[in-house]
Structure formats: C-alpha cells, structure tokens
Amino acid sequence: MSVCPLFTVFTPTYNRAHTIHRVFDSLSAQTLRDFEWLVVDDGSTDNTAELLDGWTKTADFPIRYLKQENSGKHVARNLAVREARGRFFALIDSDDALVPNALERIAIIWDEIPLEIKPSFCGVVGLCKNQHGEIIGDQFPSSPFDSHLSERKYVYRIHGEKWGPSLTEIDRKFLFPEISGTQFVPEGMVHFEIGRTYRNRCVNEVFRIYYVDDAHTGATLTKRKSLGDNAPGRLCYYVYLLNNQMEYFFQCPPPFLKAAVTLPIVAWFSKQSFRSALKSVQNPLAKILVLLALPLALLLYASDRMIVNLKFKATNVTKSEATKLQ
C-alpha cells in the first residue's frame, strides 16, 4: 500500500471495547485494501488500548491509535482530519461496520464523476442498513443523485442514516469549533457548511451497517439527559442554523422552529443572557422567529427543570431505601 492511502477510515471511540471489533472485522474484509485505520480514543477507561495494540501487530493494514482527554467526538474528528494521510476521510462509529465492498464501490463511483464537474463535489454518499439487513430511512430519488446536503434535507426531505467519505483536503478546511464547557457540537454544523459549496454524488447502494440495538445503549461519546446538557455546543449549532440555513424555512419549517424554541434555553444553560443570544442571530426572519417562540421556550425550560428535579428526588429515594436494606 502507498504511504498516502486512498482512504483514511477514522473511528472515534469512548469505552467501546465491546463493539469496536465490528469496525476492525469489516475493515479486514474490505475488497479494496488501500486504506489506513485511524482510531482516536476519547479517554476510554476500558481495554480499548490493549485491543488496538493487538490488532496493530496482526492486521494486514496500517492502524494508528491516538488518545486524547475526554473532549467529545467533534474534537476527536478535528484531531483525526489533521492527522489523516488518505485522500478520502471516512468516519465510521465504533459500534458499526462497513459492507465488504464499501470502499471499492466508493472509489469506482467517484471515478465515474465527469472531470469537468468533479471540482464541485466533496464525496460520495450511500445508504445504511441495520444488522438485520433492512434499509434505514429513505432512498434517493435517483441513483446517482447529485445534490447539496441542504437540498436533501430540506427540499427532498430524505430521512434516515446515510454514509460516505469526503475529500480530506476539503474536510480540513471545515473544523468544528472547540468550545469550553461542552463535549458535543452537532455534526450538521460542519456538514451543512461544506454543503454550501460542495455537492455529493449519492447512490442507492448500502455502504454501512448501523447496529440499531446499540444506537442508544452503552457508553457513548456524548449522552444528553436534559435540555441543559452540552448547551454551549448546541447553542453554537442553533445560531449557525438560524443564520445560514433560513432560506429553506418555508420548505421545511420544523428544524428552524425547534432551533428558535431551543436557542433561549441552551443560552440560559450556557450562562448567556437572552439579549446576547438574540444579538448573535443576524437573520431578520430568524430573529423574529426566536422572539415569537420565547413563551414556548420559557414553558419548556420550566418543564425540563421540573422533570430533572423529579428524577433527582426519585434517585435519592431509591438510594435511601437501598441503604436501609443494607
């Protein structure tokens, strides 16, 4: 394999020693071998490091293992895209897998894009299936289907998991903001920004296996229990959405209504005043939307605090009863 492989397959992980073998096994089975595997460990306390050390010694493809303090998936991605040696950058989560011919098919599909339009593309996107073989979400209207991410989400309303790599040189230009006080910045912030300039070639072929039974269980890079969790990262995303995507509001209102309602709440949890948060919204229509949604935001904030307090009291009661039984 060349020093600069065709693909860097990147896996962020946090205490996923029990599932990360899926990625390793699926990479071992790839029909195209021109890739490296770059794993960024987000501060795991399990035996992830030992697993990677063993695989590095036995695998027939390069494996690089980096470890950072627990900072979140977005920080791990920034590190990985800076370290990547491949022409394409492909993120696969530590509880999922690739189908055996995924990388080979992506390389072929990319080469089929005509040279005169290829500079306007950032990568290839395909479908996902669960471990039972069922397609997750909608298929594309045609195959191939060349489009920007915002068009797919807001105009065609194509829902469900999709997967594919992007050119590393493009991904390096679009890093996540690394904000103090949060371990989570929604991935859409970077993907939408890339999509403002570049298109994807989308195909109705399955590239990724998404294990639905594990999607919301076990240790994850980010877990949210209330509206206040990771508020600074979510505030950053909602401000971005309201400032840069409002042209699609009338075609698909729900994401923007959610952003308008939630923005004051995550601002309060981020210790920012409502006035400061509103000032950061530059789009006039979005600003009006946030003001109109303020009563609902206040209601949701109060409801969230009530639910959290009830959970806290229930937990303390359970602990107290367990202590009495001892």
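Taken together, the values in this text are just the output of simple stated rules run on the coordinates, not laboratory data. All values derive from a computational prediction rather than experimental measurement. Positions of Cβ are generated from backbone atoms using ideal geometry, with glycine treated the same way; all protein chains shown enter the neighbour counts.
Quick notes on this one:
- Applying the criteria of a DSSP loop state and at most 15 other Cβ atoms within 10 Å to the GluC sites (Glu not before Pro) of the range 48-133 yields Glu69, Glu112, Glu116.
- P(r), alpha carbons of the chain - 20 Å bins starting at zero, rounded %: 28, 56, 16, 0
- Residue exposure sequence - Met189, Met306 - by fewest surrounding Cβ within 10 Å: Met306, Met189
- Under 5 Å, built H, 5+ apart or other chain: amide partners of Cys202: Val125, Phe145, Asp146, Ser147
- For the range 231-325, the percent of C-alpha pairs falling in each 5 Å distance bin, counted from 0 to the bin holding the largest distance, reads 2, 14, 21, 19, 13, 8, 6, 6, 5, 3, 2, 1, 0.
- Hydrodynamic estimate: the Kirkwood radius of the range 1-141 over Cα pairs, inserted into Stokes-Einstein at 4 °C and 1.567 mPa s, corresponds to D of 81 µm²/s.
- Of the GluC sites (Glu not before Pro) found in the range 124-182, those that fall in a DSSP loop while having at most 12 other beta-carbon atoms within 10 Å are Glu134.
- Inter-probe distance in nm under a simple model that places probes 7 Å from Cα toward Cβ, at Thr31 and Asn204: 2.0 nm
- Cα-Cα over 30 Å, subset of Lys67/Lys118; Lys57/Lys118; Lys67/Lys287; Lys162/Lys279; Lys73/Lys153: Lys67/Lys118; Lys57/Lys118; Lys67/Lys287; Lys162/Lys279
- Exposure proxy ranking for Tyr65, Tyr211, based on other Cβ atoms within 10 angstrom of each Cβ and starting from the fewest, stands as Tyr211, Tyr65.
- Note on Asp304 and Glu112: the model spin-label points, each 7 Å out from Cα along the C-beta direction, lie 4.5 nm apart.
- Multiplying the residue separation of Glu187 and Lys57 by 0.36 nm and removing their Cα-Cα distance gives an extension gain of 43.5 nm.
- Qualifying aspartates and glutamates (Cα of each under 12 Å from Cα of Lys129; at least 8 residues distant if same chain): Asp96, Asp138, Glu161, Glu205
- Order of Lys311, Lys129 under a 10 Å beta carbon neighbour criterion, fewest first: Lys311, Lys129
- Residues whose amide H lies under 5 Å from that of Lys67, counting only those 5 or more places away or on a different chain, are Asp41; hydrogens are built 1.01 Å from N in the peptide plane.
- Centre-to-centre separation between the Cα atoms of the range 68-82 and those of the range 131-177: 22 Å.
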